[in-house]
Amino acid sequence: MNTDTSTVYRVRDDRVAWRAAGDEAVLLDVRQSVYFALDRSAALLWPYLVAGATVGELAGVLAGREPVDPERAVADVHAFLAELEAADLLERR
């Protein structure tokens, strides 16, 4: 995973359809016809990824709204981004 704080991660809008569902979100990889369910923490970060955000920005949002320390927030963001990248749902800029 890239730790460069200037890298912006953004959802590949040509690849993902999504809807919020309460505190969670549901994603559809339109090419593979695979659904993903995002829990509350991941759904909190999702709109920022739609707009484009750095690891630092995402970790700041997570640490500001969930009971997690900043180091854990960064680790959790990296894990989330790695899953999305493995599914080819993100692009980097």
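Tabulated data
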item	result
With Cα atoms, 0 to 90° folded angle of helix 55-65 axis to the chain main axis	80
Angle in degrees between helix 70-86 and the longest Cα principal axis of the chain, rounded to the nearest 10	20
Accessible carbon and sulfur surface of the chain relative to its total accessible area, %, 1.4 Å	50
Cβ charges +1 (Lys, Arg) and -1 (Asp, Glu), total dipole of the chain, debye	260
Amide hydrogen neighbours beyond the local backbone of V8, cut-off 5 Å, H modeled	R93
Angle between the chain longest axis and helix 40-51 axis [Cα atoms, degrees, rounded to 10]	80
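The values are calculated or read from the model by the stated rules, or taken from the named source; none is laboratory data. This one's a predicted model, so the numbers in the text were calculated from it and none came from an experiment. Reconstructed Cβ throughout: ideal geometry from the backbone, glycine too, with neighbour counts over all protein chains shown. Side chains are part of the model used for accessible areas, which takes the heavy atoms of the whole protein and leaves out ligands, DNA and RNA. Shrake-Rupley method; radii C 1.70, N 1.55, O 1.52, S 1.80 Å.
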